[in-house]
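Everything on this sheet refers to the single structure shown next.
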Amino acid sequence: MKISVQASAADSHVIRELLSPWDAEPVGIEEAEVLIVYKEKPLESKKAVVIPSDSQVFDVWAKEIESGIVRGIGQQVSILAGMHAVLTITPTALYGNDGFLGGNVEERNATEMKLNNDLSVLTLDVVKEYNRISDETLNAKSSSVYRLLASSPIPYGIVPKRLTNFFLKSHQTPDSLTICDKLPMDALRFALIGALERLVGKKIRRKKWNGRNYVCLVTHDVETKKGLQTACCLKKLEEKYNVPSAWYVPSRRYKLNHETIRTLANHGEVGAHDTTHDGKLAQLPQRRLVERLREAKRDLEIVAGQAINGFRAPLLQHNARIIEALEETGYMYDTSIPTWEPIHPYTLKPHGIGTIYPLRFEGLIEIPVTLPQDHQLLHVLDLAPREIGERWLEMAGVIKDLGGICTFLVHPDYQLAYPNSSVYEEILCTVASDNEAWITVPSNINSFA
């Protein structure tokens, strides 16, 4: 579908990000089948979906057309996305008339008001909500426990695992292990695309991933020397099922063997995992942060004998400064932000970006860790490996339905991937047998994001 956006450059970028999973071609106003209008007055000659806002321009326009649109208190909205997926979001505000804001559940869950055959108004300010979710994720307040560990001269890796797991468990809050209620950013996407489809009366095709419906990424964080020794066994198992994988390795925590690293990079890729895995990355001054990221990249390139394009931070640390530093140091992608984690070590509360699709930050692609990592499920929620396999495959089914990216994060240091564990092999077998999945490595996502 040919779409033109009437908005500022920054707001247009957000709208394009929201529409990125679909074949929505940006064109000039004259060529467009439909307009998306934000903080501007829509043209009367074109079909248009108007995104409401608290701007004066929107207020004046709403009064001009005597629509009765008012701003109300936000409440949970449910949005039908895939065949069975219902996504939810609780926005800061809703827009509508008395029926939309105070009516029954069906009316409250409506995502747009069709004023006539050529004009619809969303009930959500999807641009503001997208920016809110991004800001809350990239500028989250760190927990006092994290700040204490980050300021300590003792590296995080030396702290006993039992102690760190105790801190995570002590802050655990009851929560479901479903994924549909963890995707508020994607609820915004489907609200916008649904309004466009209903206005023009046809479906907008979702993009394919190299000809497949969704993506599977098998990734590993190699924290310890023992994990590196186990890695080669896992690599052989993955090659048995023709599954490429990505391995994120700290460059200075333990001695790296050239042959081992190059074995992992074969039919896969190796990415940087900081230098010493000390857990302090998010608190470093910007200059030192850039130096660390550059050192990790350079060290690994020497060992691997090839370019290192990807990065994942220890503890899945992330913030706006790390993103900026990764761009400056020449990484192509980052995969450090979880879609959702039960208790993130940085915040010590549930935390995530709320999307199963990649995000573009200037020249850097962010590939979310869309499934809760094995450490959280094993050592925070105390699930058995077989339970983890079942939960992962359930969540993967939703991601498949929505055409997103299914990112597995498996540590060779933990029992889910021990050589005598059959669960990991069963997961690989299930993934490898799905003809709808594009099984690839993160660096290939850039061409399709």
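At a glance:
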quantity	calculated
Exposure proxy order (Cβ contacts within 10 Å, fewest to most) of S336, S4, S20, S45	S45, S20, S4, S336
Amide H contacts under 5 Å for G72, placed H, 5+ residues apart	L94, Y95, G96
For the stretch 207-447: span of alpha carbons on each principal axis (Å, largest first)	44, 37, 36
Peptide ranges 345-352, 247-254, 264-271 listed from the most packed, as the mean C-beta count within 10 angstrom indicates	247-254, 264-271, 345-352
MRE, 222 nm, helices only [DSSP H, n ≥ 4, -39500 (n - 2.57), over the chain, to nearest 500]	-10500 deg cm²/dmol
Segment Y418-L115, length gained on full extension (0.36 nm per residue, minus Cα span)	103.2 nm
Cut-off under 5 Å, modelled amide H: who pairs with E112 long-range	T123
Residue-span extension gain [L80 to E301] - 0.36 nm each, minus C-alpha spacing	75.0 nm
Whole-percent pair-distance distribution, where bins are 10 Å wide, for the alpha carbons of the stretch 200-271	17, 42, 19, 11, 7, 3, 0
The stretch 249-316: radius of gyration and largest Cα-Cα distance (Dmax), Å	11.7, 36
Residues of the stretch 256-300 with amide N under 11 Å of the 7 Å Cα→Cβ point at E328	285-294
Under Karplus coefficients 6.51, -1.76 and 1.60, residue-wise ³J(HN,Hα) of the stretch 282-291 in Hz, glycine/proline x	5, 9, 6, x, 4, 5, 5, 4, 4, 4
Ascending count of other beta-carbon atoms within 10 Å, so fewest first, for M395, M332	M332, M395
Protection-proxy order for peptides 182-190, 25-33, each taking the mean of Cβ atoms within 10 Å per residue, highest first	182-190, 25-33
Backbone HN-Hα couplings from phi across the stretch 45-56 [Karplus 6.51/-1.76/1.60, Hz, Gly and Pro as x]	8, 10, 4, 8, 9, 9, 8, x, 7, 8, 7, 5
Karplus-derived HN-Hα couplings along the stretch 186-196 (A = 6.51, B = -1.76, C = 1.60, θ = phi - 60°), whole Hz, x at Gly and Pro	6, 4, 5, 4, 6, 5, 5, 5, x, 5, 4
Amide H contacts of W247 (H built 1.01 Å from N, under 5 Å, at least 5 apart or other chain)	H220, E269, V270, G271
Net dipole in debye of the chain [+1 Lys, Arg Cβ; -1 Asp, Glu Cβ; about Cα centre; nearest 20]	1140
The chain - convex hull of the alpha-carbon atoms, volume per residue in Å³	144
Model label zone, H267; criterion: amide N under 19 Å from point 7 Å along Cα-to-beta-carbon; scope the stretch 197-222	216-220
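Rule-based calculations on the coordinates, nothing more; no lab input. All of these numbers come straight from a predicted model, not from anything done at the bench. Cβ atoms come from the backbone with ideal geometry, glycine included; neighbour counts cover every protein chain shown.
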